[in-house]
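Notes follow once the structure below has been shown.
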Amino acid sequence: MPGPYASVCLNAFHSCLLTPHSFQVLTMPQTPKMSPQQKVALVEKIKAGEISRQAAAQSVGVSNTTVRQWLRIYESEGADGLAPREKSRHLTAEEKQAAVAEYLAGGVSLFDVCKKYGIRSPQNLQKLVEKAQAGGELRGYHGASRHRGGAYTTAADREKIVRECLADGCDYGAAALKYNVDYKALVHWVGQYRAGAALHDARHSSEGTSRAKGRARTVPPMQRMVMVLDCLENRKNYGAMAQKYAIAYHQIYRWVQRYLQDGWLGMNDRRGPADDPDSAGEWGKIAPAGEADAELWVAKCKGVPEALPAMLRRAGYSWMMIAKILFDLARM
């Protein structure tokens with residue numbers, strides 16, 4: 001057991017650790033955010049010889065490298081260069097090649113080349129130099145690295161795109177734009193292909209089946225029926241149907257399962273088996289007398305998707321049954 005003196009010292013030590021001041025000492029200082037006008041004023045003082053670069057960096061709490069970058073931007077782009085950019089400037093392939101060639105020719109520094117060609121970071125130029133020395137191609141920026149194409153692709157389509165991309169020196173951007181496929185997905189496919197892995201068909205996964213923006217969340221029962229029958233006609237190709245109708249993969253899958261279990265009555269918004277919506281017997285009052293009358297009734301029925309009657313016929317339903325299905329779907 002510690003003595004009284006040891007206990008008093010220990011308690012005092014703990015109280016010092018738990019004081020707010022002790023936590024403030026451990027907090028890392030944050031770099032102050034400077035306005036473009038403040039940056040310009042600081043740079044102009046340095047250029048006028050009123051303050052050294054190192055002293056300027058210390059006075060505003062930034063690194064010497066940051067101040068050097070402000071100076072380089074100011075000298076190449078003027079005061080406007082220190083203002084936030086609405087849109088980044090990207091070098092063309094020719095500008096990149098010229099900048100790399102000038103640096104490799106010798107006699108100039110990375111900073112001098114960056115200043116001449118408007119390259120803000122020497123690290124970016126260094127990467128271009130290393131890529132060129134390794135035999136890589138310096139391409140211009142075309143914005144495809146952010147391209148999120150929506151085209152549905154089979155395994156054969158992917159292999160074709162990957163082969164063409166490899167033949168063109170792995171120009172992912174050009175291939176992504178040409179075939180309207182996701183840039184990052186294309187990079188992944190190329191990696192899979194090089195590793196000898198199979199390029200799986202999207203119809204067997206939930207890949208690329210997110211809902212299109214702006215589409216209403218509630219899909220009418222008749223339209224659901226069209227999607228379900230189309231999916232069954234295409235051998236339950238859920239991925240392709242999700243792409244075609246811009247719905248989620250799990251939705252078309254669930255609707256097909258409901259149809260297989262409950263028939264067309266499963267196209268309502270409730271879960272589980274559905275009751276007959278014609279519980280009052282209204283259908284019996286207006287039902288056509290025979291097949292010919294039923295076909296005419298279906299033709300005159302309003303609000304029916306154009307493809308639905310033909311799809312129901314291919315599914316094996318008679319005209320009398322199709323008329324009853326449309327009647328029930330309209331009441332859901």
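The values are calculated or read from the model by the stated rules, or taken from the named source; none is laboratory data. A quick note: this is a predicted structure, and the numbers were derived from the prediction, not measured. Cβ sites come from the backbone with ideal geometry, for glycine too, and all protein chains shown count toward neighbours. Ligands, DNA and RNA are stripped out before the accessible areas are found, and what is left, the full protein with its side chains, is counted by its heavy atoms. Shrake-Rupley method; radii C 1.70, N 1.55, O 1.52, S 1.80 Å.
If the condition is being at negative phi, within 37 Å of the chain's Cα centre (by Cα) and loosely packed, with under 13 Cβ neighbours inside 10 Å, then segment 42-63 contributes only Ser63.
Output the residue which, of all residues in segment 151-183 that are among the small types (Gly, Ala, Ser) and farther than 28 Å from Asn234 by Cβ, is most open to solvent (accessible area, probe 1.4 Å). I'd like the intermediate steps shown before the answer.
Looking only at segment 151-183, we keep the residues that are among the small types (Gly, Ala, Ser), and these are 151, 155-156, 167, 169, 173-176.
From what's left, farther than 28 Å from Asn234 by Cβ: 167, 169, 173-174.
On the way: Ala167: 83, Gly169: 44, Gly173: 3, Ala174: 47 Å².
This residue is Ala167.
Looking at this structure, is Glu44 at pLDDT 55 or above, under 28 Å from Glu137 (Cβ atoms) and of a type in the set (Asp, Glu)?
Working: at pLDDT 55 or above: yes; under 28 Å from Glu137 (Cβ atoms): no; of a type in the set (Asp, Glu): yes.
Criteria not met by Glu44.
Is there a residue being farther than 24 Å from Lys236 by Cβ, outside any helix (DSSP H, G or I) and at pLDDT 80 or above anywhere in segment 184-192? Looking for residues that are farther than 24 Å from Lys236 by Cβ, outside any helix (DSSP H, G or I) and at pLDDT 80 or above, one finds none in segment 184-192, hence no.
Whenever a residue of segment 22-50 is hydroxyl-bearing (Ser, Thr, Tyr), its partners that are in a loop (DSSP other than H, G, I, E, B) and modelled with pLDDT of 60 or more, lying with C-beta atoms within less than 8 angstrom and at least six residues away or across chains, give the pairs Thr31/Gly61; Thr31/Val62.
One residue stands out among those in segment 135-165 that are in a loop (DSSP other than H, G, I, E, B) and under 25 Å from Lys244 (Cβ atoms): the one that is modelled with the lowest pLDDT, which is His147. Filtering segment 104-126 to residues that are open to solvent by 60 Å² or more (accessible area, probe 1.4 Å), modelled with pLDDT under 85 and either more than 34 Å from the chain's Cα centre (by Cα) or not polar (S, T, N, Q) (or both) leaves Gly107, Phe111, Asp112, Lys115, Lys116, Arg120. Among the numbered conditions (1) farther than 27 Å from Thr153 by Cα; (2) at pLDDT 90 or above; (3) open to solvent by 50 Å² or more (accessible area, probe 1.4 Å), the only one that Pro288 does not meet is (3).
Residue by residue through segment 39-51, note down the ones that are under 22 Å from Cys114 (Cβ atoms) and out of contact with any Phe, Trp or Tyr (no Cβ under 6 Å at 6 or more places or on another chain). Walk me through it before giving the result.
As a first pass, look at segment 39-51 and keep what is under 22 Å from Cys114 (Cβ atoms): 39-40, 42-44, 46-47.
Selection gives Val40, Leu42, Glu44, Ile46, Lys47.
Is it the case that segment 245-268 has a residue that's in contact (Cβ under 8 Å) with a residue 24 or more places away in the chain, more than 30 Å from Tyr152 (Cβ to Cβ) and in contact with a Pro (Cβ under 9 Å, 6 or more places away or on another chain)? Yes, there is a match, as at least one residue in segment 245-268 is in contact (Cβ under 8 Å) with a residue 24 or more places away in the chain, more than 30 Å from Tyr152 (Cβ to Cβ) and in contact with a Pro (Cβ under 9 Å, 6 or more places away or on another chain). Could you list all residues from segment 203-242 that are more than 18 Å from Met267 (Cβ to Cβ), modelled with pLDDT of 55 or more and open to solvent by 80 Å² or more (accessible area, probe 1.4 Å)? Within segment 203-242, Arg235 is the sole residue that qualifies.
Return the residue satisfying two criteria in turn: it lies in segment 27-41 and is at pLDDT 85 or above and within 24 Å of Gln123 (Cα to Cα), and of such residues it is most open to solvent (accessible area, probe 1.4 Å). Of everything passing the filter in segment 27-41, Lys39 is most open to solvent (accessible area, probe 1.4 Å).
Matching residues to (1) in contact with an Asp or Glu (Cβ under 9 Å, 6 or more places away or on another chain); (2) free of Cβ contacts under 8 Å to residues at least 12 places away in the same chain; (3) of a type in the set (A, V, I, L, M); (4) in a loop (DSSP other than H, G, I, E, B):
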{"position": "Val100", "(1), (2), (3), (4)": "no, no, yes, no"}
{"position": "Gly107", "(1), (2), (3), (4)": "no, yes, no, yes"}
{"position": "Gln123", "(1), (2), (3), (4)": "no, yes, no, no"}
{"position": "Gln126", "(1), (2), (3), (4)": "no, no, no, no"}
